[in-house]
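Engineer: Sharing a structure, written as structure tokens. Questions coming.
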Amino acid sequence: MLFLELQKIKNKKWMFACLLLGAVLLFASAVSFPIYRTAVLDRMLDDQFSESYTENGEWPMQMKFYFQVGKSGNMSGLASKEEGVRSAYSSIGVPEYRTIYYYSTIGTEAEPELSRGEDAEISLRVAMLTDLDQHIDIIDGTLWQDEDPGDSTLDVIVSEETFLASEMIIGDVFAFPLLSPNVKDPIRLRVVGVFDVSDPSDSYWQKDTRMFTNTIFVRSDQFLDYFVNNPDRPKFSINCNIYDQFDYMSVDASEAADISAATDRYLNGQYGPLTSRPGFMDVLDKHESSRRRISVSLLLLEIPLLLLLAAFILMISGQLYSMEENEISMYKSRGASSGQIFILYLLQSVIIAVIASCIGVPIGMFVCRGLGSASSFLEFGIRRELDIRFTEEAFMYALVSAIVCIMIMTLPSIGASRLTIVGAKRGGAKGKKALWEKFYLDFLFLGISIYGYYNFSHHTNDLLESALKGESLDPLLYFSSSLFILGAGMLLIRLRPLIVKGVFFLGKRFFRPASYAAMLESIRSARSQQYISLFVILTVALGMFDAVSARTILENSLANTSYIDGTDIRFREIWYDNSSSRQFDPSIEFKYYEPDYSDYAGFTKFTDGYTRVYLEDGYLKNGSSGRDVVSIMGIHTKEFGTITDVDDSLLNTPYRQLLNDLALAPKGVLLSANFRDSMGMAIGDRITFYDKNSSSADATIVGFFEYWPGYEPVSREINASGDIVETSNYMIVANYSFVRKKFGLQPYYVWMGLSEGESADGFYEWVAESGTPLTYMSDRTKDLEKTVEDPLLQGMNGILTMSFIVMLILCAAGYLIYWVLSIKAREMMLGVLRAMGLHSTEMIGMLSVEQAICGLYSVIAGAAVGFIAYTLFVPMLQTAYSSSAQVLPLVMIREPSDMVKLFVSIGLMLIVSIFVLTIIIKKQNMIRALKLGEE
Amino acid sequence: MGSSVVIKDVTRDFQTPGGKVSVLKGITCSIEADTMCILRGKSGSGKTTLLNMIGALDDPTTGTILIDGKSSTGMSARARENMRRRQLGFVFQSVSLIPSMNAIQNVMFSMRMAGSKENMEKRAMEVLSLVGLSNRMTHMPQEMSGGEQQRVAIARALAHRPKLILADEPTAELDSGMAAQVTRLFKQISEEQHVTVIMTTHDVGLMGAGDQLIELKNGRIEGSDAAE
């Protein structure tokens, strides 16, 4: 049987190659989804942890435990508590990265051997910090000795802060009678070194400034021997701080929910009271919410592709089956049972599925790398690679794909389906209507999709709400657009014969023989071409829809990020003030020390300009006691205008004109338009506004703006009851000199616009070289990169791109095989035409006209459907994908290059098809063709 | 007036994996204009090969074929195609109608190919009436019987007023009654429309139907007689 099957495959190698192609693509697509999703979610979790690390300056996944022991002298509880703290790793299920023990005595009297005078009282804490010596630099003296000193004097090291505050010197010895078993012979500690932290950003260090204050550090083993485990120790408390640092890099995104639940259980357990809710729970919860949204959204995007692949396999296997009907009847006539024939086809399906899985799974993994670099539709520009690995979930997907694939391929053999690309020719010739045509599924799909459109267009707030809540995309929204494309595509296929008949009727007198024959052939074979036409229409329409969706969602997000940032780089240095001097003399007026602005002169090498921007919250008085919070921005209009821009289409008054109006009015202000609308203000009105210190400024309104660099007119939030709450944000823009005069010297931001082709590297080098401490920094290039790498956006770009490429392959393969089989089936008729004197060029012309009617019509129909689909549905999809950060109005983006790529791809497919058919026609032997009819 | 056909020392060899096969081995004969010639022979005798060469579908290995005194063997492919579409009419053994066209469209198609200036519809109706299918004009090929289809094929071969009709086993798939009817139709056309008809057949019963009988055996003419 196997030999028979292999022979069969050999004899119909092109059909089997096509079937294999569909199966390979099914495996690759199915497997790539979980692999890609896992990789992108893992990266997202890593990013979320890294973000938390950057924001909080602490190891992003750690639990802090605090408890006291020894107050009663009994230390027996320590071991069990330590054990309980350590059990957090196993309970939560994340491996240990590092556990840091910081134990200290309470502050206690230290008697220096070197007298400090009569009044000098020194209180010190003796402490241990595990692995301290590996994270510090000794800046004076030495580190403690490794061996125990013979004279019962322990070596200690101290921070510079303690060293100076306690006026210590290297070699100072302190006695601690209250901590010693024998007061007369107290434990003595000798200061042998002063340390500074090697790297303040080291995750070893905790944000606990008291850690080094009045604290002296002794070797951990000595601390335990002398102050904890010493059976003769007096009664004093030990403060125990234990930091469990988890190896967050080993956490898979799929484990996030389990870890979160396990942490909850741990917190509610015996040792929960020793700690508080760790910060990583917020990271995990946020991740879980994003994970659900991303998983569902990506799956929704992938489903149409998987269905198309399944349909493709079904069609090809149906065709294969119809080609083999004679063979099957021959087997039956020779005594083969239906069961045996079924097993033969099952065997065939298993062979194909096994081969396809061997090829498809590696391709799927390769595809994931491509998806991971998708920066837009059909663009691959992200260099940050994903960690692609074959997961257990991917194996399950592969297994399910194999079962589905085998079922689909075996299905036609039991006569369950006759749907084929080419096999429908027969049905068409017999005048049989396809099921969808008979049951008017095109009208049904269109009806459902239009219902969906009206439903969503009247409830855009619901979409926004669910997007803001981080809920997953409403499946009906995505299906509405898909159903519309499918329904409209089928309707246009239904209309095609009518249109062709109309054209034929009007032009039949003028057609040359080749066109005449082609038109009639197209009318006759309209039904057999339905499936391939639908593939072309879907490829074009979905391609256009996907391109515009991906481009619109991405470009709007990028434009929004760019707008919110306002310019390329914004930073603020640490501003020092005279508050320390005022502690001694409150009569001194408070003032800031302005950083040296001339330090920025070097920026001119890589920027178009840089400028001071005052940006602080202030207020306006509203009635007798009310206040309206307002953002106050002070700018140098000329410099600001050089490095910022706002699209004039967003403004009632052009941006440059607003800047000019402000420049011409030193005491003028520009107000946000929502201010005008709510307060009923007009140009020329005077207003008084206040900074946070209640210094006031009187100004004249010179203009209003709807949008301004970095300005968010409305912020949206979900309140406790789950409703969207919109808050209007007000803004006043004034001249910097005016603000400074009224509010005094205040810390300002520096905004700079990079020159064409320059990166922010120059700025980073300046920061590194000058050691300038910054309190705020934003880099538009990085923010834009972050936007592009957003898992949802990137996943959407990747899957839409992959879908389009796969559809193009399916479409090309299906189209070509349809035409090759069509030519083969018409070989005798074409021979007759050649015998009647039809030139070979006319023959190619005839087939080209047929292709134009089938292919070109489908392309045009697809383009029309695609255009209507994206016009109707993309705004809704965009709303569903938008975030609370979306400020600018949504603009539909149709990138011409996307359309060029799309139509060039489709055009190439048609050209290749005509080229292959030309070769077949050229190779066709007329006499052999005529003989076919005699066989 | 129909075409005269002169065949001089025509041979046709084919290269096969088993070596050279000579299908025609020096055929010489002539067919007068406005006559109906029956080419008879068993399967493999070379009659279809000879007919293909007369119809400029194939070239002889040696020898010449003159149609109205002009040799088709030296013509360019385009000239031969033009000759086929204007001067010749073909009827094949199997049903050779274009399945996407109905009876009248099939007939008009040959006129369209020949660039006929006549009122195509009128002429098509005329020839379809001639073959007895005036009531089947708008029927599609698959809606007609084999005999009816073959008669449409004859009407198509005739519609553009060719000088020579080449019919390769047109009766092979028909019952004897229908075969005799089709053969009589060819004879009638030859006489009334002034067309030369060359028809191949292996049916002994039809041998007397033509004006001339050429019998082929193993690539040679076994006998050539004018019919009584």
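Engineer: Any idea which residue in segment A:470-508 is farthest from the other protein chains (Cβ to nearest Cβ), counting only those that are touching a helix residue (DSSP H, G or I) at 6+ places or on another chain (Cβ under 9 Å) and either outside any helix (DSSP H, G or I) or over 25 Å from A:Ala541 (Cα atoms) (or both)?
Structural biologist: So, considering only residues that are touching a helix residue (DSSP H, G or I) at 6+ places or on another chain (Cβ under 9 Å) and either outside any helix (DSSP H, G or I) or over 25 Å from A:Ala541 (Cα atoms) (or both), the one farthest from the other protein chains (Cβ to nearest Cβ) is A:Gly470.
Engineer: Say whether the condition of being closer than 19 Å to A:Ser290 by Cα and either touching a residue at least 24 places away in the same chain (Cβ under 8 Å) or part of a helix (DSSP H, G or I) (or both) is met by at least one residue in segment A:55-68.
Structural biologist: Looking through segment A:55-68, at least one residue is closer than 19 Å to A:Ser290 by Cα and either touching a residue at least 24 places away in the same chain (Cβ under 8 Å) or part of a helix (DSSP H, G or I) (or both).
Engineer: Return a yes/no flag: does segment A:315-331 have any residue that is assigned to a helix (DSSP H, G or I), within 17 Å of A:Met63 (Cα to Cα) and at pLDDT 80 or above.
Structural biologist: no
Engineer: I've got another one for you. Which of the following residues is free of Cβ contacts under 8 Å to residues at least 12 places away in the same chain and in the same structural domain as A:Glu555 (by TED's automatic domain parsing): A:Ala813, A:Ala852?
Structural biologist: After applying the criteria, what remains is A:Ala852.
Engineer: Kindly list, by first and then second residue, each pair from a residue in segment A:130-144 that is touching a residue at least 60 places away in the same chain (Cβ under 8 Å) to a residue that is among the acidic types (Asp, Glu) and part of a loop (DSSP other than H, G, I, E, B), limited to pairs with Cβ atoms under 7 Å and residues at least 6 apart or on different chains.
Structural biologist: A:His135/A:Asp202
Engineer: Residues that are in contact with a Pro (Cβ under 8 Å, 6 or more places away or on another chain), modelled with pLDDT of 85 or more and within 14 Å of another protein chain (Cβ to nearest Cβ): find the helices (runs of 4 or more DSSP H) completely inside segment A:818-935 holding 1 or more of those.
Structural biologist: A:840-851
Engineer: Keeping to segment A:509-545, report how many residues are of a type in the set (Phe, Trp, Tyr) and either without any contact (Cβ under 8 Å) to a residue 60 or more places away in the chain or within 14 Å of another protein chain (Cβ to nearest Cβ) (or both).
Structural biologist: Qualifying residue count for the region: 3.
Engineer: Looking at (1) in contact with a helix residue (DSSP H, G or I) (Cβ under 7 Å, 6 or more places away or on another chain); (2) not assigned by TED's automatic domain parsing to the domain that holds A:Ala394; (3) not in a loop (DSSP other than H, G, I, E, B), which is the only condition A:Arg233 fails?
Structural biologist: (3)
Engineer: Conditions: (1) within 14 Å of another protein chain (Cβ to nearest Cβ); (2) at negative phi. B:Gly147 meets all but one. Number of the miss?
Structural biologist: So the condition that B:Gly147 fails would be (1).
Engineer: Tally up the residues in segment A:602-628 that are on the phi > 0 side of the Ramachandran plot and more than 35 Å from the chain's Cα centre (by Cα), please. Steps first, answer last, please.
Structural biologist: Our first condition is that a residue be on the phi > 0 side of the Ramachandran plot; within segment A:602-628, this holds for A:609, A:623.
Checking which are more than 35 Å from the chain's Cα centre (by Cα) leaves us with A:623.
Here the count works out to 1.
Engineer: Here is a follow-up. Considering each of A:Ile450, A:Ile355, A:Ile351, A:Ile408 in turn, give the residue that is modelled with pLDDT of 85 or more, within 19 Å of A:Leu305 (Cβ to Cβ) and assigned to a helix (DSSP H, G or I).
Structural biologist: A:Ile408
Engineer: Also: Being among the aliphatic types (A, V, I, L, M) and assigned to a loop (DSSP other than H, G, I, E, B) is the filter here; which residues of segment A:69-113 pass it?
Structural biologist: Hits for segment A:69-113 are A:Met75, A:Val94, A:Ile106, A:Ala110.
Engineer: Would you pick out the residues in segment B:132-171 that are within 14 Å of A:Met836 (Cα to Cα) and either assigned to a strand (DSSP E or B) or among the aliphatic types (A, V, I, L, M) (or both)?
Structural biologist: B:Ala153, B:Ile154, B:Ala155, B:Ala157, B:Leu158, B:Ala159, B:Leu164, B:Ile165, B:Leu166, B:Ala167, B:Asp168, listed by residue number.
Engineer: Still on this structure: Filter segment A:691-711 for residues that are part of a loop (DSSP other than H, G, I, E, B) and in contact (Cβ under 8 Å) with a residue 60 or more places away in the chain and give the result.
Structural biologist: Within segment A:691-711, A:Lys692, A:Tyr707, A:Trp708, A:Pro709, A:Gly710, A:Tyr711 meet the criteria.
Engineer: I've got another one for you. Among the strands (runs of 3 or more DSSP E) lying completely within segment B:33-131, list those that include at least 1 residues that are within 13 Å of chain A (Cβ to nearest Cβ).
Structural biologist: Working: elements: B:36-41, B:62-67, B:88-91.
Fully inside segment B:33-131 and qualifying: B:88-91.
Engineer: Can you give me the number of residues within segment A:196-216 that are crowded, with 17+ Cβ neighbours inside 10 Å and free of Cβ contacts under 8 Å to residues at least 60 places away in the same chain?
Structural biologist: The number of residues fulfilling the criteria is 1.
Engineer: What do you reckon, is A:Leu800 of a type outside the set (Ser, Thr, Tyr) and outside any helix (DSSP H, G or I)?
Structural biologist: Here the answer is no, as A:Leu800 does not meet what is asked.
Engineer: Output yes when any residue across segment A:245-258 is more than 44 Å from the chain's Cα centre (by Cα) and part of a strand (DSSP E or B), and no when none is.
Structural biologist: There is no residue in segment A:245-258 that is more than 44 Å from the chain's Cα centre (by Cα) and part of a strand (DSSP E or B).
Engineer: From the list A:Asp599, A:Asp647, which one is under 33 Å from the mean Cα position of the chain (by Cα) and surrounded by fewer than 17 Cβ atoms within 10 Å (Cβ to Cβ)?
Structural biologist: A:Asp647
Engineer: Another question, then. Out of the helices (runs of 4 or more DSSP H) lying entirely within segment A:573-685, which hold 2 or more residues that are out of contact with any helix residue (DSSP H, G or I) (no Cβ under 6 Å at 6 or more places or on another chain) and touching a residue at least 24 places away in the same chain (Cβ under 8 Å)? Step through it out loud before you land on a result.
Structural biologist: Numbers: elements: A:579-584, A:637-643, A:655-663, A:673-679.
Ranges flagged: A:637-643, A:655-663, A:673-679.
For every residue, the table says whether it meets (1) at pLDDT 90 or above; (2) of a type in the set (S, T, N, Q).
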| position | (1), (2) |
| --- | --- |
| A:Pro231 | no, no |
| A:Pro234 | no, no |
| A:Cys240 | yes, no |
| A:Gln245 | yes, yes |
| A:Ser250 | no, yes |
| A:Ala257 | no, no |
| A:Thr263 | yes, yes |
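Engineer: Which numbered condition in (1) loosely packed, with under 15 Cβ neighbours inside 10 Å; (2) within 17 Å of B:Leu213 (Cα to Cα) is the only one that B:Pro17 fails?
Structural biologist: (2)
Engineer: Of all residues in segment A:48-85, count the ones that are under 19 Å from A:Met249 (Cα atoms) and surrounded by fewer than 16 Cβ atoms within 10 Å (Cβ to Cβ).
Structural biologist: Selection size over segment A:48-85: 6.
Engineer: Between residues in segment B:115-132 that are within 19 Å of B:Arg85 (Cα to Cα) and of a type in the set (Asp, Glu) and residues that are crowded, with 18+ Cβ neighbours inside 10 Å and at pLDDT 90 or above, which pairs lie under 8 Å by C-beta distance while being six or more apart or on different chains?
Structural biologist: Pairs found: B:Glu118/B:Met111; B:Glu121/B:Ile104; B:Glu121/B:Met108.
Engineer: Sticking with this one: If A:Asp779 passes every condition in (1) buried (at least 19 other Cβ atoms within 10 Å of the Cβ); (2) within 14 Å of chain B (Cβ to nearest Cβ); (3) more than 30 Å from A:Leu26 (Cβ to Cβ) but one, which one does it miss?
Structural biologist: Failing condition for A:Asp779: (2).
Engineer: Starting from residues that are assigned to a strand (DSSP E or B) and modelled with pLDDT under 90, keep the ones in segment B:7-21 and report whichever is farthest from B:Ile165 (Cα to Cα).
Structural biologist: Here the residue is B:Gly19.
The values are calculated or read from the model by the stated rules, or taken from the named source; none is laboratory data. Only a predicted model underlies this, so the values are computations on that prediction, with no experimental measurement involved. Positions of Cβ are generated from backbone atoms using ideal geometry, with glycine treated the same way; all protein chains shown enter the neighbour counts.
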